[in-house]
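The values are calculated or read from the model by the stated rules, or taken from the named source; none is laboratory data. All figures in this text were calculated on a predicted structure; none of them were measured in a lab. All Cβ positions, even for glycine, are placed from backbone atoms using ideal geometry, and neighbour counts span all protein chains on display.
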Amino acid sequence: MKWKNARKRQIPVLIYLLFITLVTGAFWAVNASTDTKATSSYTEVKGSRGDVYAVKDINALERPYNYIIGTTTNPLIEIFGILAALGTVGFGLMHGLGRYVANRKLKKQLEEVGSEYIYTRFTRIWHWMNAITIIGLLITGFQMHYSGAEYIDGKIHHFLGYALIIEYLFFLAYSIATRDIKQFIPAAWEFTEGLIKQGKFYAIGIFKGEEHPYHMVREHRLNPLQKPAYFSIMFGLVPMILITGLTLMRPDLMSFLVNWIGGQENMKYVFYLHLISAFGVLAFLLGHLYLATTGDTVKQHYEVMVTGFHRVYKYNQNK
Ligand code: HEM
Ligand code: HEM
């Protein structure tokens with residue numbers, strides 16, 4: 001079958017592109033840390049309970065620089081962030097359990113009638129590299145946040161941060177140049193009728209084995225709920241985390257922004273935005289992993305993001 005061969009062809013290309021990005025990112029990170037006196041040097045500082053933290057060499061920056069890795073925080077962000085993440089997991093578990101129980105009683109008859117090529121090689125490779133980079137940033141970011149910064153984690157976080165910026169620029173260039181960006185913009189009817197139908201399907205229809213209201217086709221691959229969700233992630237949350245991350249890492253490069261917020265003494269607000277976005281990305285990712293299982297079959301959407309081919313099913317009567 002077509003999609004099976006396609007899958008085999010992707011692996012070397014994926015490995016190659018991952019390699020190129022890592023090498024480019026490493027090169028850039030090393031250069032960035034040697035050509036500036038500012039942000040890449042760390043000193044050890046004792047915290048209130050005697051823990052030793054690695055913090056930015058704040059002496060190399062204009063004072064006061066009021067953001068210290070792993071020690072700056074805000075309880076409200078913490079509470080809402082953790083609740084958002086737990087809430088998403090809870091929703092996925094409950095909804096998934098409901099589907100499992102409902103589906104055991106149903107005799108959902110699906111007949112595979114063909115396949116359609118949906119995701120170009122570029123999008124698939126971009127997607128998986130982006131996923132790996134973001135998972136790495138989540139791990140190193142939250143590790144710094146909850147256990148105080150280890151020197152090495154700061155470095156890995158910075159390196160992955162540069163990689164994410166490069167990947168995002170590729171995504172932007174591709175989406176605009178190929179007009180693929182249109183896929184993410186909902187039409188007026190999708191905000192009303194579309195969202196209601198899709199919402200009803202997730203709330204009720206999916207438990208009855210009903211057919212999806214909107215199917216994936218090449219010219220229109222995202223449903224009315226995915227469009228605004230992916231749009232706000234790719235053009236809201238991700239740019240926010242990139243800009244705030246770059247400002248924390250290289251305030252010298254982003255001095256226009258630092259001046260705009262009133263100077264280095266307000267740096268902790270940039271960090272707050274970075275942390276809020278980090279919790280946002282975490283909640284998105286958890287929801288995304290679950291919602292991607294809600295295709296005609298559990299693995300259908302995962303498969304299309306790997307092979308590019310979407311299996312098309314015909315729904316026969318449920319009895
Ligand atoms: C999905 C993407 C990202 C996530 C989830 C994330 C998460 C985090 C978290 C949780 C912290 C908190 C550490 C603390 O408590 O002090 C942090 C700090 C930081 N992040 Fe990110 N981050 C992301 C992307 C980026 C990017 C793209 C950059 C740079 C371009 C970046 C640069 C930084 C810097 C400079 C810090 C301050 C600590 C340090 O200097 O190492 N981050 N990040
Ligand atoms: C291990 C982590 C991830 C897995 C397993 C995963 C899985 C998938 C799957 C199966 C799809 C295609 C079907 C669908 O839309 O449901 C998809 C699409 C998508 N994912 Fe992910 N994803 C991951 C991480 C991420 C991350 C971190 C982001 C961005 C912050 C992201 C952004 C997107 C976008 C924008 C699409 C739509 C692509 C398009 O139609 O152009 N994914 N993902």
Those residues of the stretch 211-227 that are surrounded by fewer than 17 Cβ atoms within 10 Å (Cβ to Cβ) and either in contact (Cβ under 8 Å) with a residue 24 or more places away in the chain or touching a Cys at 6+ places or on another chain (Cβ under 6 Å) (or both) come to a total of 5
Go through (1) in contact (Cβ under 8 Å) with a residue 60 or more places away in the chain; (2) near ligand 1 (Cβ under 10 Å from one of its atoms) and name the single condition Asn130 misses. (1)
List the residue pairs whose Cβ atoms are under 8 Å apart, where the first residue sits in the stretch 69-91 and is under 15 Å from Leu273 (Cβ atoms), the second is among the polar types (S, T, N, Q), and the two are 6 or more positions apart or on different chains. Thr72/Asn66
Given (1) at pLDDT 95 or above; (2) within 16 Å of ligand 1 (Cβ to nearest atom), identify the lone condition not met by Tyr151. (1)
Scan the stretch 300-319 for residues that are modelled with pLDDT under 95 and in a loop (DSSP other than H, G, I, E, B) and report the count. 3
If the Cβ limit is 8 Å and pairs must be 6+ apart or interchain, which residue in the stretch 274-295 that is more than 10 Å from ligand 2 (Cβ to nearest atom) pairs with which residue that is of a type in the set (Phe, Trp, Tyr) and modelled with pLDDT under 95? Ala278/Phe142
Phe231 is checked against (1) surrounded by 15 or more Cβ atoms within 10 Å (Cβ to Cβ); (2) under 26 Å from Leu110 (Cβ atoms); (3) without any contact (Cβ under 8 Å) to a residue 60 or more places away in the chain and fails just one. What number does that condition carry? (2)
Looking at (1) surrounded by fewer than 17 Cβ atoms within 10 Å (Cβ to Cβ); (2) among the hydroxyl-bearing types (Ser, Thr, Tyr); (3) more than 10 Å from ligand 2 (Cβ to nearest atom); (4) in contact (Cβ under 8 Å) with a residue 40 or more places away in the chain, which one does Ser255 not meet, given that it meets all the others? (4)
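Residues that are of a type in the set (Ser, Thr, Tyr): find the helices (runs of 4 or more DSSP H) completely inside the stretch 97-212 holding 3 or more of those.
Details: elements: 121-147, 151-177, 195-203.
Here the list reads 121-147, 151-177.
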Name the residue, out of Gly263, Gly287, that is among the small types (Gly, Ala, Ser) and buried (at least 17 other Cβ atoms within 10 Å of the Cβ). Gly287
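Have a look at Val306, Val298 and point out the one that is near ligand 2 (Cβ under 10 Å from one of its atoms) and hydrophobic (A, V, I, L, M, F, W, C).
Working: Val298 fails: near ligand 2 (Cβ under 10 Å from one of its atoms).
Checking each option against the conditions leaves just Val306.
Let's see how each residue does on (1) away from ligand 2 (no atom under 16 Å from the Cβ); (2) without any contact (Cβ under 8 Å) to a residue 12 or more places away in the chain; (3) not acidic (Asp, Glu):
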{"position": "Ile165", "(1), (2), (3)": "no, no, yes"}
{"position": "Ala177", "(1), (2), (3)": "no, yes, yes"}
{"position": "Asp180", "(1), (2), (3)": "no, no, no"}
{"position": "Gln183", "(1), (2), (3)": "no, no, yes"}
{"position": "Ile204", "(1), (2), (3)": "yes, yes, yes"}
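Can you pull out every residue in the stretch 264-294 that is β-branched (Val, Ile, Thr) and assigned to a helix (DSSP H, G or I)?
Val270, Ile276, Val281 - these are the residues of the stretch 264-294 that are β-branched (Val, Ile, Thr) and assigned to a helix (DSSP H, G or I).
Give the residues of the stretch 219-232 that are more than 11 Å from ligand 2 (Cβ to nearest atom) and closer than 23 Å to Arg121 by Cβ, sorted by residue number. I'd like the intermediate steps shown before the answer.
At the first step, the residues of the stretch 219-232 found to be more than 11 Å from ligand 2 (Cβ to nearest atom) are 219, 224, 228.
Of everything in the stretch 219-232, just one residue is more than 11 Å from ligand 2 (Cβ to nearest atom) and closer than 23 Å to Arg121 by Cβ, namely Glu219.
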Among the hydroxyl-bearing types (Ser, Thr, Tyr), more than 20 Å from Leu172 (Cα to Cα) and within 15 Å of ligand 1 (Cβ to nearest atom): does that describe Tyr272? yes
Residue by residue through the stretch 211-240, note down the ones that are of a type outside the set (Gly, Ala, Ser) and within 16 Å of ligand 1 (Cβ to nearest atom). Tyr230, Ile233, Met234, Phe235, Leu237, Val238, Pro239, Met240
